[in-house]
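Structure first, commentary second.
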């Protein structure tokens, strides 16, 4: 009889649909400090990896499907506090991101919604925000 093992799967990469791979690679590399691998790692032609090699990689997958206004899956980028959150939002806007006029903000949000140059939406979350 075989012993029951726990899950053996691990999160490999997050695939991000983009129309312009070069533009997406430039934005996300600058935004996160990731490095571009073009050696076909894992079958991906373009892969962004954390500089220290630990953490989740982002695979840039060519797609013609338009981004969703209310994506079910998105990146949450963490900031230590509201000052850092605003500074990072401004930095990312200077790199080509856009602030989103989000219609679903709660009364006291701890996040800011942005979209990358490809229209993929993501959040910057203030980790110090206290909820009532």
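If we keep just the residues of region 1-35 that are touching a helix residue (DSSP H, G or I) at 6+ places or on another chain (Cβ under 9 Å) and surrounded by fewer than 16 Cβ atoms within 10 Å (Cβ to Cβ), which is modelled with the highest pLDDT? It comes out as 30. Among the residues examined, residue 59 does not qualify as closer than 17 Å to residue 119 by Cβ and within 14 Å of the chain's Cα centre (by Cα).
Scanning region 5-41 for residues that are more than 16 Å from residue 95 (Cα to Cα), out of contact with any strand residue (DSSP E or B) (no Cβ under 9 Å at 6 or more places or on another chain) and in contact (Cβ under 8 Å) with a residue 40 or more places away in the chain yields one hit, 11.
Test of understanding: among 112, 58, which residue is touching a helix residue (DSSP H, G or I) at 6+ places or on another chain (Cβ under 9 Å), part of a strand (DSSP E or B) and under 30 Å from residue 130 (Cβ atoms)?
Values: 58 fails: under 30 Å from residue 130 (Cβ atoms).
None of the other options fit; the residue is 112.
I'd like the full set of residues that are out of contact with any strand residue (DSSP E or B) (no Cβ under 9 Å at 6 or more places or on another chain), within 14 Å of residue 31 (Cβ to Cβ) and assigned to a loop (DSSP other than H, G, I, E, B), limited to region 80-109. Scanning region 80-109 gives 95, 96.
Evaluating residue 73 against the criteria (1) under 13 Å from the mean Cα position of the chain (by Cα); (2) exposed (fewer than 14 other Cβ atoms within 10 Å of the Cβ); (3) in contact (Cβ under 8 Å) with a residue 24 or more places away in the chain leaves one unmet condition, (3).
The values are calculated or read from the model by the stated rules, or taken from the named source; none is laboratory data. Note that the structure is a prediction, hence the values are computed from the model and not measured. Cβ atoms come from the backbone with ideal geometry, glycine included; neighbour counts cover every protein chain shown.
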